[in-house]
Amino acid sequence: MKKDLMQAYGSTHLGLVRDNNEDQFLIGKNPYFYAIADGMGGLPYGEVASKLVIDFLRDKLPSPPTADTLRALLTQANEHIYKAGALLNPQLGIGTTLTVAIPLDDTLLIGHIGDSALYTVKGTELTRLTQPHTLAHSAPKNTPIPEHYKNILTRCLGQRSPCEVDIFTHPLKGRFLLCTDGIWGVLDPKTLATLISQAPSPKHLCEALITATLAAGAPDNATAVAFFSLRGTLGVDAAEWK
């Protein structure tokens, strides 16, 4: 993927309630990739878990990756975090979500586990490409779940092997947003669709998302990575890499 066909930007904010930021993001350049991780707040060392997986990707992601090598790498990352958790918190371990998107020519290769989200828009129609691995979304339809249990993760990095990770592809065209639940859990889909479709650049989009989340109370850390594919787009200045 040529640099001049992509624009990207990332931003994170502590929020208005949390004492520390357990989110991490990375815009990698060899190969180009976009990743976001949210350390599990229900366990200690969430900020350690999210940093471990982001650093692991930065150091280990092959160029160019394939679906098989990405799956193998995330399996290794899970083991890496599991071993760290056994030392830091022997009783419960540590954990993190991860969503990574890798541009490969005209295709986006995606790896996902947890409840961080990858969105795209067509016109003003919002599509969530990833499914949240939470109790609310994993339980059979119409299963009664107490409100305080709905967001419990059913899958994350840092658990005992085997680790089930979603690996899939999507056409690389248009606008994409990676964000943690501190954003998608606060802003409704209509607001997300409007902000993504109307933003003049990835930087403007991330800033608008953080601003809107803060205005809504920001009960959690808020992190976003926006990337726009300019393939097939005319009249757009792609010279600025952000």
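The values are calculated or read from the model by the stated rules, or taken from the named source; none is laboratory data. What you see is a predicted model, and the numbers here were worked out from it, not measured in a lab. Cβ placement follows ideal geometry from the backbone for every residue including glycine, while neighbour counts extend to all protein chains displayed.
Brief remarks on what is shown
- Considering the conditions (1) closer than 19 Å to HIS133 by Cβ; (2) in a helix (DSSP H, G or I); (3) not charged (D, E, K, R), GLY93 is excluded by exactly one of them, (2).
- Within region 40-47, not a single residue is over 24 Å from ILE210 (Cα atoms), surrounded by fewer than 22 Cβ atoms within 10 Å (Cβ to Cβ) and of a type in the set (D, E, K, R).
- Of the listed requirements (1) touching a strand residue (DSSP E or B) at 6+ places or on another chain (Cβ under 7 Å); (2) at negative phi; (3) at pLDDT 95 or above, PRO64 misses just one: (3).
- Members of region 118-134 that are over 23 Å from HIS80 (Cα atoms) and either touching a strand residue (DSSP E or B) at 6+ places or on another chain (Cβ under 8 Å) or crowded, with 21+ Cβ neighbours inside 10 Å (or both): LEU118, TYR119, THR120, VAL121, LYS122, LEU126, THR127, ARG128, LEU129, THR130, GLN131
- Flag if GLY10 is in a loop (DSSP other than H, G, I, E, B) and not polar (S, T, N, Q): no
- The set of residues in region 48-73 being among the small types (Gly, Ala, Ser) and surrounded by fewer than 19 Cβ atoms within 10 Å (Cβ to Cβ) consists of SER63, ALA67, ALA72.
- Some residue of region 139-153 being in contact with a Pro (Cβ under 9 Å, 6 or more places away or on another chain) and at negative phi: yes
- Filtering THR69, THR143, THR75 for residues that are over 23 Å from LEU5 (Cα atoms), of a type in the set (Val, Ile, Thr) and part of a loop (DSSP other than H, G, I, E, B) leaves a single hit, THR143.
- Residue match in region 172-180 (condition: part of a helix (DSSP H, G or I), modelled with pLDDT of 95 or more and closer than 21 Å to THR127 by Cα): no
- From the options LYS83, LYS51, residue that is closer than 20 Å to ILE183 by Cα and charged (D, E, K, R): LYS51
- Among (1) touching a strand residue (DSSP E or B) at 6+ places or on another chain (Cβ under 6 Å); (2) buried (at least 22 other Cβ atoms within 10 Å of the Cβ); (3) aromatic (Phe, Trp, Tyr) - the single one TYR32 does not satisfy: (2)
- Yes/no for GLY15 being in a helix (DSSP H, G or I), in contact (Cβ under 8 Å) with a residue 60 or more places away in the chain, crowded, with 17+ Cβ neighbours inside 10 Å and in contact with a Gly (Cβ under 9 Å, 6 or more places away or on another chain): no
- Residue satisfying all of: in region 211-225; among the β-branched types (Val, Ile, Thr) and under 15 Å from the mean Cα position of the chain (by Cα); surrounded by the most Cβ atoms within 10 Å (Cβ to Cβ) among these: THR223
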